[in-house]
Amino acid sequence: FTLVSVSLAITLLFTLQYIIGATSLAGPAGELAYDYLWIVALGLPFNFMVIQISNIIRSAGNSKFSMWVLLFTTIVNGGLDPFLIFGIGPFPELGIEGAAISTVTAQVLGAVVSIVTLASGRAGFKVPVRFPKPDFSVLLNIARLGVSSTLQMMSVSVTRAGLLKLVTLYYGTEMAAAYIIGLRLDFFIFMPVFAGALGLQIITSQNLGAGSVRRVFAFFRNALVQLSGLIAVLGLLAWYFREEFAMAFANTQFVTDQVVNYVDYAVFGYVFFTIGVVCTRLIAGAGATFRSMIIIAVSLMGIQLPLAFALANSSGLGIDGVWIASVAGYCIFMIIALINVRGKKWLRARV
């Protein structure tokens, strides 16, 4: 995993200008994106290390470790930000590069804490810190499952990048800023969904390994009810306070108004997205990671993104067409995922 993450970081450093150009970000926005991302790329292996070790420890039943590491890195990042961005005290004023340095510093410290925890046995089990002798049968099995999961996450990222390019290309940088602010709100709202669905995935693996299919579906039904209900409440709060949220991050009235407009549409897709994520995590927990990836790729890259381009170009809806397509894509994602869960073919996956 370390070798893969280092390779990705190097690749990103050499292709960063082309990636930014592909999003249609130009002028000061493109320059600031480059200034931020080339530093963040350096921290990519450390960030991946934190994620990997957290997943290992979480899979062994310790879900608190990842929470504490995330809390620690968030405090470090947030604490350093004002000093490095604005040049408080002896620190130089680095602007957006200061924000990136704060992020990388937090990631490095998080990786150190994670490695020490894993090596010391404080996670509940001890893993020797040494370069292991490669077991290619194990590596191939991990790769077979991991590649599908990677492509699954890439499908989401590519869809987001495609929508950002569409918004930037047709409606300008300020509209893109509004979209990114709206995505930040989405991510905040979805955090309990990702956490709960990840827990369901682990529980699914454990119970299928124990031969208890009935318990798998009991957990699945409870996860659907609890997470959908929670997201419905959070979505209502997000809609009610959408203007206050927009004003906290936007620097013009236009951007504020567009964030509000985005949230007016986005909240209708929150429950759809939640149900889809719960279903795909259930399927992935059974080892059918390829099926889970196909569901997400078809729903988002294959339907949501083309629909957004179509509505933005031919319907006269303008930017509203992009937001409508986003909600429609989540609805289709939910339907496809539910159909696959009911089909139960994922239960026959072999790991």
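The values are calculated or read from the model by the stated rules, or taken from the named source; none is laboratory data. All values derive from a computational prediction rather than experimental measurement. Every residue, glycine as well, gets a Cβ built from its backbone with ideal geometry; the counts of neighbours run over all protein chains shown. These area figures cover heavy atoms from the full protein model, side chains too; ligands, DNA and RNA do not enter into them. Shrake-Rupley method; radii C 1.70, N 1.55, O 1.52, S 1.80 Å.
Table for the structure above
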{"quantity": "Failed condition for Ala232, given (1) more than 23 Å from Ile283 (Cα to Cα); (2) at pLDDT 90 or above; (3) surrounded by 20 or more Cβ atoms within 10 Å (Cβ to Cβ)", "calculated": "(3)"}
{"quantity": "Residue selected from region 209-229 under the condition in contact with a helix residue (DSSP H, G or I) (Cβ under 6 Å, 6 or more places away or on another chain) and open to solvent by less than 70 Å² (accessible area, probe 1.4 Å), by the criterion farthest from Val263 (Cα to Cα)", "calculated": "Val216"}
{"quantity": "Matching option when the condition is at pLDDT 95 or above, of a type outside the set (D, E, K, R) and open to solvent by 40 Å² or more (accessible area, probe 1.4 Å), among Phe309, Phe272, Phe245", "calculated": "Phe272"}
{"quantity": "Those helices (runs of 4 or more DSSP H) lying entirely in region 1-96 with at least 3 residues without any contact (Cβ under 8 Å) to a residue 12 or more places away in the chain", "calculated": "2-22, 27-42, 64-86"}
{"quantity": "Residues satisfying the stated conditions in region 181-195, i.e. open to solvent by less than 30 Å² (accessible area, probe 1.4 Å) and under 25 Å from Asn62 (Cβ atoms)", "calculated": "Phe190, Val193"}
{"quantity": "Exclusive hit being in a helix (DSSP H, G or I) and over 22 Å from Leu300 (Cβ atoms), set Ile202, Ile180, Ile231", "calculated": "Ile202"}
{"quantity": "Conditions (1) crowded, with 21+ Cβ neighbours inside 10 Å; (2) closer than 14 Å to Gln258 by Cα: number failed by Thr173", "calculated": "(1)"}
{"quantity": "Total residues in region 136-162, condition open to solvent by less than 70 Å² (accessible area, probe 1.4 Å), of a type in the set (Gly, Ala, Ser) and more than 13 Å from the chain's Cα centre (by Cα)", "calculated": "4"}
{"quantity": "Test set (1) under 21 Å from the mean Cα position of the chain (by Cα); (2) part of a loop (DSSP other than H, G, I, E, B) - Gly110 fails condition number", "calculated": "(2)"}
{"quantity": "Subset of region 203-234 (residues that are under 23 Å from the mean Cα position of the chain (by Cα) and among the β-branched types (Val, Ile, Thr))", "calculated": "Ile203, Thr204, Val225, Ile231, Val233"}
{"quantity": "Some residue of region 320-328 being out of contact with any helix residue (DSSP H, G or I) (no Cβ under 9 Å at 6 or more places or on another chain) and either under 30 Å from Val138 (Cα atoms) or buried (at least 18 other Cβ atoms within 10 Å of the Cβ) (or both)", "calculated": "no"}
{"quantity": "Among residues of region 251-266, those that are crowded, with 20+ Cβ neighbours inside 10 Å and of a type in the set (Phe, Trp, Tyr), counted", "calculated": "1"}
{"quantity": "Residues of region 58-87 satisfying the condition of being buried (at least 17 other Cβ atoms within 10 Å of the Cβ) and within 20 Å of the chain's Cα centre (by Cα)", "calculated": "Arg58, Phe65, Ser66, Val69, Thr73, Asn77"}
{"quantity": "Residue match in region 18-27 (condition: under 24 Å from Leu198 (Cα atoms) and either among the β-branched types (Val, Ile, Thr) or open to solvent by 50 Å² or more (accessible area, probe 1.4 Å) (or both))", "calculated": "no"}
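Residue-wise test of (1) open to solvent by 60 Å² or more (accessible area, probe 1.4 Å); (2) among the hydroxyl-bearing types (Ser, Thr, Tyr); (3) in contact with a helix residue (DSSP H, G or I) (Cβ under 8 Å, 6 or more places away or on another chain).
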site: Gly89; (1), (2), (3): yes, no, yes
site: Gly95; (1), (2), (3): no, no, yes
site: Thr105; (1), (2), (3): no, yes, yes
site: Leu109; (1), (2), (3): yes, no, yes
site: Leu118; (1), (2), (3): no, no, yes
site: Ala123; (1), (2), (3): no, no, yes
site: Val127; (1), (2), (3): no, no, yes
site: Pro134; (1), (2), (3): yes, no, no
